[in-house]
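J.: This structure is in structure tokens; I'll ask about it shortly.
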Amino acid sequence: MRLLLALLIAFASAFPALAQANFETNARFAVLVDYESGTVIFQKDADARLEPASMTKLMTLAVVFHELRAGRIKLDDQFFVSENAWRTGGAASGGSTMFAVLNSQIRVEDLVRSVIIQSGNDAAIVLAEGIAGTEGTFASMMNELAREIGLDGSHFTNATGLPDPDEYSTARDLADLGRYLIREFPEFYHYFSEPEMEWNGIKQANRNSLIEVGIGVDGLKTGHTEAAGYGAVISTAQGDRRLVAVVHGLGSMRERAEEGRKLLTWGMRAFERFEAYPDGAIVAYADVYGGAIGSVGLVGKGEIALYLPRGSRDCLSASVNYVGPLLPPVAAGQQVAELRVFCNDQLVQSAPLYAAEDVPQGDLVRRATDALKQLALGWL
């Protein structure tokens with residue numbers, strides 16, 4: 001039976017964090033997201049600005065995968081190892097490296113595997129220079145794609161994640177980036193689960209130690225700097241369900257692995273699935289000021305399936321929150337609201353809602369009518 005929710009329409013300019021829902025983490029920043037729906041199951045300072053460290057390389061890979069998909073580069077292409085890549089990201093730099101040899105040439109596929117598995121800074125720079133000529137130009141490509149994806153809290157200045165005060169992201173953006181890579185580039189996703197790689201006689205293990213602990217983790221990327229601490233973007237799939245998690249700001253590799261494991265395991269085991277709204281179902285309506293129609297239906301992106309704490313059916317209520325009324329034009333598919341689910345007045349889950357249709361600007365009569373509503377109801 002479909003879960004019935006009591007919907008209360010509300011205006012809001014900011015959304016509070018989810019209730020802790022009987023889970024705590026030592027991570028300074030954390031978020032747990034259902035892969036299919038984008039529903040947030042847990043968050044802790046998920047929108048606070050953070051230093052992404054080597055998790056930046058997920059954005060680097062997104063650009064590389066785009067170039068491969070477009071046919072502008074191929075996995076068998078050879079990219080040159082410049083002195084900049086060798087000095088900044090090579091063995092002499094003291095950071096994570098594939099030990100690329102100065103003035104050598106390396107296959108794109110080997111560079112990609114190095115970036116994913118051993119977090120090679122030299123490999124990331126070689127890819128950036130091979131695609132865009134300079135790392136700075138490549139960073140512009142990263143930011144352009146980030147805007148297209150909707151990573152509004154992120155800005156990138158390099159391909160590696162080496163410290164730069166102008167490079168930043170958020171836990172939510174990193175989770176969304178992880179979901180994007182899994183969804184858009186399934187042909188490349190197998191690289192993330194490789195336990196190790198050997199190149200030029202040097203064997204290195206995947207820095208994501210959770211891949212081999214038997215809980216279904218098959219990606220994505222770890223990161224660490226002295227200032228930021230240890231973090232990871234992690235994904236696990238069990239049955240027909242996949243979760244994407246981010247933990248960051250931890251004190252050691254061991255703590256990073258443990259906090260990531262705890263969050264994913266809790267997300268898989270402590271919740272049960274409810275089919276709240278089928279694909280295309282109108283969840284609620286949002287008022288539109290001065291539009292061709294006075295309101296627009298709100299839908300999920302596909303089915304809205306809620307994952308709620310076990311034993312919580314009798315305590316559920318929900319609200320739809322948006323900054324309103326909306327102003328035209330409103331585009332179909334534009335995220336304009338959020339479904340928020342409560343258990344005993346505690347927020348336990350949220351899911352994005354999108355406009356079901358285009359709403360252009362209305363004619364003079366419609367705008368005049370809505371202006372009268374503004375005066376009467378105090379809109380805007």
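Laboratory data are not the source of any read-out in this text; all were calculated from the coordinates shown. Everything numeric here is computed off the predicted structure, so don't read it as measured data. Don't worry about glycine lacking a Cβ; one is built from the backbone with ideal geometry, like all the others, and counts go over all protein chains shown.
J.: Taking Cα pairs under 8 Å and at least six residues apart, what relative contact order does the stretch 111-225 come out at, in percent? Please report the intermediate quantities before stating the final value.
T.: Numbers: 133 pairs, mean separation 29.7, N = 115.
Value for the stretch 111-225: 26 percent.
J.: Among THR236, PHE274, TYR285, whose Cα projects farthest towards the positive end of the dipole of the stretch 220-323, with charges put on the beta-carbon of Lys, Arg (+1) and Asp, Glu (-1)?
T.: Of THR236, PHE274, TYR285, it is THR236.
J.: Given only helices, namely DSSP H runs of n ≥ 4 each adding -39500 (n - 2.57), what is the per-residue ellipticity at 222 nm of the chain, to the nearest 500 deg cm²/dmol? Don't skip to the answer; put the middle values down first.
T.: Working: 8 runs with 103 residues, N = 380.
Rounded to the nearest 500, it is -8500 deg cm²/dmol.
J.: By how many degrees, 0 to 90 and rounded to 10, does the Cα axis of helix 57-70 deviate from the longest principal axis of the chain?
T.: 90
J.: Between ALA351, ALA146, ALA292, find the one with the highest GNM mean-square fluctuation for the chain; connect C-alpha pairs within less than 10 Å.
T.: ALA292
J.: As I understand it, the value is the acute angle between the Cα axis of helix 253-269 and the longest principal axis of the Cα atoms of the chain; what does it come to in degrees, rounded to 10?
T.: 40
J.: Give the angle, between 0 and 90 degrees and rounded to the nearest 10, that separates the Cα long axis of helix 364-377 from the longest principal axis of the Cα atoms of the chain.
T.: 80
J.: Turning to a different aspect of this structure: Within the stretch 218-285, report the chymotrypsin sites (Phe, Trp or Tyr not before Pro) that DSSP leaves as loop and that have at most 10 other Cβ atoms within 10 Å. The partial results should precede the final answer.
T.: Values: sites: TYR230, TRP266, PHE271, PHE274, TYR285; in loops: none.
Counting only loop positions with at most 10 other Cβ atoms within 10 Å, none of the chymotrypsin sites (Phe, Trp or Tyr not before Pro) in the stretch 218-285 qualifies.
J.: Run the numbers on the stretch 29-269 and let me know its relative contact order in percent, using alpha-carbon pairs under 8 Å that are six or more apart.
T.: Relative contact order here is 24 percent.
J.: So which trypsin sites (Lys or Arg not before Pro) in the stretch 50-94 end up in coil per DSSP with only 15 or fewer other C-beta atoms within 10 Å? List each step's numbers first, then the result.
T.: Working: sites: LYS57, ARG69, ARG72, LYS74, ARG87; in loops: ARG72, LYS74.
Within the stretch 50-94, the qualifying trypsin sites (Lys or Arg not before Pro) (loop, at most 15 other Cβ atoms within 10 Å) are ARG72, LYS74.
J.: Moving to a separate point now. Can you tell me how the stretch 29-119 classifies by the Cα gyration tensor, rounded, prolate or oblate, using a/c under 1.5 as the rounded cut?
T.: Since a/c reaches 1.5 but b/c is at least a/b, the shape of the stretch 29-119 is classed as oblate.
J.: Taking a 32 Å limit on the Cα-Cα distance, which of the listed pairs LYS44/LYS74; LYS57/LYS203; LYS74/LYS262 fall beyond it?
T.: Details: LYS44/LYS74 40 Å; LYS57/LYS203 21 Å; LYS74/LYS262 39 Å.
LYS44/LYS74; LYS74/LYS262, as the Cα separations exceed 32 Å there.
J.: Could you please rank MET253, MET98, placing first whichever residue has the fewest other Cβ atoms within 10 Å of its Cβ?
T.: Working: MET253 14, MET98 29.
In order of increasing Cβ crowding within 10 Å: MET253, MET98.
J.: Just the number, please: percent antiparallel of the DSSP beta bridges in the chain, rounded to the nearest 5.
T.: On the way: 64 of 70 bridges.
Roughly 90 percent of the beta bridges in the chain run antiparallel, per DSSP.
J.: Might you report the magnitude of the Cβ-based charge dipole of the stretch 29-269 about its Cα centre, with Lys and Arg at +1 and Asp and Glu at -1, to the nearest 20 debye?
T.: Magnitude of the dipole: close to 520 debye.
J.: May I ask you to list the GluC sites (Glu not before Pro) in the stretch 146-219 that are in a DSSP loop and have at most 13 other Cβ atoms within 10 Å of their Cβ? Spell out each step's value before the answer.
T.: Values: sites: GLU148, GLU167, GLU184, GLU187, GLU196, GLU198, GLU212; in loops: GLU167, GLU187.
Passing both the DSSP loop test and the Cβ count: GLU187.
J.: Next up: Between rounded, prolate and oblate, where does the chain land on the alpha carbon gyration tensor, with a ≥ b ≥ c its root eigenvalues, rounded for a/c under 1.5, else prolate if a/b exceeds b/c? Walk me through the numbers on the way to the answer.
T.: Values: a/c = 2.38, a/b = 1.64, b/c = 1.45.
Prolate, since a/c reaches 1.5 and a/b exceeds b/c.
J.: Continuing with this model, one more query. Ranking VAL336, VAL359, VAL233 by Cβ neighbours within 10 Å, fewest first, what do you get? Before the final figure, lay out each step's value.
T.: Working: VAL336 19, VAL359 24, VAL233 28.
Ranking VAL336, VAL359, VAL233 by Cβ neighbours within 10 Å, fewest first, gives VAL336, VAL359, VAL233.
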